[in-house]
């Protein structure tokens, strides 16, 4: 907005509420139908004389061009003018004080210049960047030749069905962009419908008590601000159908039980295999141990050359008998005290059985017991 002593220039924004709620504003947009071109409601009380109190102007002359014809407008009740977007020149503002019967008029050579622009709306035609205004809110899409919102702003539908750009935030403290209308997200605790919902995440829904809330999409995100559609519930930040959620829980339980049972069966099989391998290895170790002992014993026995029973009878026993006879004769010839000189005789009687015991050892000893 630009203003000096004689010039007023500004871009008039659309009202977020109904027009009747902002009748006290000096300048505002008046819309009758979306297909009709809006007008500007201008209160002439913005123009005042410095040395006098507020005056209610009763008439004014206006023209759309500086060199054009000025047309006088007479006000019956209030000093309200309805202007179109663009430049307007004003002069000869008149006011009458009926109590004092005094006429107040601006200097005939004094000219006022009023330049009003109506805020652009989305999808307004544009052929140049400067045709979408305010410039800090809108920009021109040169491919489609339409006005669009600048990032991070988003669209908002007013009660007058005008699609404009605003800044949507969760909390009002997050409004950091200057000279841009900022609205909070709708939630159930809100006491007003002048709110919005996050773009592409939820849509605005109205309640019977003139409140609004944000309804999320199916399988979309949900939180304290975004509510799930009817029939859905919020689970871990996602809107899920209650029937589908029950099926998911049941299927999840079946899958979990199946995994647990399969794990137990696999564990038992592993235990059986481990025990079987342990027993098999132990059996093989015992068999190998005993076979090793047998081989050592047989090898030792071969080295000692233990005679058989027949060998004892034929060899050792014969030697024993001969030694006995020789010993008997030597004793009889040398011992004078022995009276019986008859040789020692043996018989093959079955009652005589000498015992032969193999003692073994490194010296391979053999003991004979007569």
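List of remarks:
- Of the residues contained in the stretch 59-66, one or more are found to be surrounded by 13 or more Cβ atoms within 10 Å (Cβ to Cβ), more than 49 Å from the chain's Cα centre (by Cα) and either part of a loop (DSSP other than H, G, I, E, B) or at pLDDT below 80 (or both).
- Residue tally, condition at pLDDT below 85 and part of a loop (DSSP other than H, G, I, E, B), over the stretch 27-57: 17
Rundown of residues vs (1) under 22 Å from residue 42 (Cα atoms); (2) modelled with pLDDT of 90 or more; (3) in the same structural domain as residue 14 (by TED's automatic domain parsing); (4) over 38 Å from the mean Cα position of the chain (by Cα), yes/no style:
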position: 79; (1), (2), (3), (4): yes, no, yes, yes
position: 96; (1), (2), (3), (4): yes, no, yes, yes
position: 108; (1), (2), (3), (4): yes, no, yes, yes
position: 145; (1), (2), (3), (4): no, yes, no, yes
position: 150; (1), (2), (3), (4): no, yes, no, no
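To keep it simple, each residue is scored yes or no on (1) at pLDDT 90 or above; (2) more than 30 Å from residue 154 (Cβ to Cβ); (3) surrounded by 10 or more Cβ atoms within 10 Å (Cβ to Cβ); (4) in the same structural domain as residue 170 (by TED's automatic domain parsing).
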position	(1), (2), (3), (4)
191	no, no, no, yes
212	no, no, yes, yes
218	no, no, yes, yes
224	no, no, yes, yes
230	no, no, no, yes
235	no, no, yes, yes
248	no, yes, yes, no
251	no, yes, yes, no
256	no, yes, yes, no
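The values are calculated or read from the model by the stated rules, or taken from the named source; none is laboratory data. Please read all numbers here as calculations on a predicted model, not as lab measurements. Because the Cβ atoms are built from the backbone with ideal geometry, glycine has one as well, and the counts that use them run over all protein chains shown.
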